[in-house]
1. For segment 77-93, in order, what is each residue's ³J(HN,Hα) by Karplus, 6.51 cos²θ - 1.76 cosθ + 1.60 with θ = phi - 60°, in whole Hz (x at glycine and Pro)?
2. Quick one: if you stick a label point 7 Å off each Cα along the C-beta vector at Gln186 and Lys53, how many nm between them?
3. Can you work out ³J(HN,Hα) from phi for every residue in segment 37-43, in order, using Karplus 6.51 cos²θ - 1.76 cosθ + 1.60 and θ = phi - 60°, giving whole Hz and x for Gly and Pro?
4. If amide H atoms are built 1.01 Å from N in the plane of the peptide, which residues on other chains or at least 5 residues away come under 5 Å of the amide H of Gly79?
5. Along the charge dipole of segment 53-97, Cβ charges K/R +1 and D/E -1, which of Asn74, Leu96, Phe59 sits furthest on the positive end?
6. For segment 45-55, what does the Karplus curve 6.51 cos²θ - 1.76 cosθ + 1.60, with θ = phi - 60°, yield as ³J(HN,Hα) per residue in whole Hz, taken in order and with x for Gly and Pro?
Amino acid sequence: MTENSEERKKRVLENFEKHLPQIWEKARQNEERLKTEYQQNLLAKLLEEIRTKISRPSFDAWFSKLSIEELDDNSITLGTNLTIVMEWLETRYKSLIEKSLENITNSNSNFKVSFILREYSGNKNVESFVVKECTACGCQDFSQKLIEVPVNVGGILSMNVDGLVCTNCGLEYYDDSLKRVVRLFQQRQHEQQLIELTEDEEG
């Protein structure tokens, strides 16, 4: 029996309604994928622009863990995994970041830049380094842990960082980038002390 036009329309409509949730889900996934790709490209261009403006040690210390957490037309939220880095970016590099964003997007608008501390989220923050075997006991079993590391710089006694702990002997491991941050911070503090000493002598 041949279906008439009304029956055909009804069948097409029923099929469309049946598959509509899948269509919307696929569209949402495509939108998220495009958004993620755009953020990754923007971050890569931003870091490339900044790399030409500051020294390599400064770039490695303050920008190596930077990420884009939120992005709107004229505002961007950047994330990092250390409080000390977040505060340093806010006080020392915010204007450079804003200017770099304007340059790479060819925009005359003033970008509103803010910073957040990424929450501890397991593998996401410790995937940048791998410990295959404990140097103390030879164990190959590790668990993720938020490790308190002594700093003793500029009134900061310690900070919490993402790391790994040996399940056998308890030896802790964390990303070497923190050591670079602390060394650079100590260097800047020493430079500031020298400046203050010079000003006192001149006075």
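1. 10, 9, x, 9, 9, 10, 4, 4, 5, 4, 5, 5, 4, 5, 8, 10, 10
2. 2.9
3. 3J(HN,Hα) across segment 37-43, in whole Hz: 4, 5, 5, 5, 5, 5, 5.
4. Ser67, Ile68, Glu69, Ile116
5. It is Phe59.
6. Each residue's phi maps through the Karplus curve to give 5, 4, 5, 5, 5, 5, 4, 7, 9, 10, 6 Hz.
Since every read-out is calculated from the coordinates, none of them should be taken as a lab result. Predicted, not measured: the structure shown is a model, and the values here were computed from it. Positions of Cβ are generated from backbone atoms using ideal geometry, with glycine treated the same way; all protein chains shown enter the neighbour counts.
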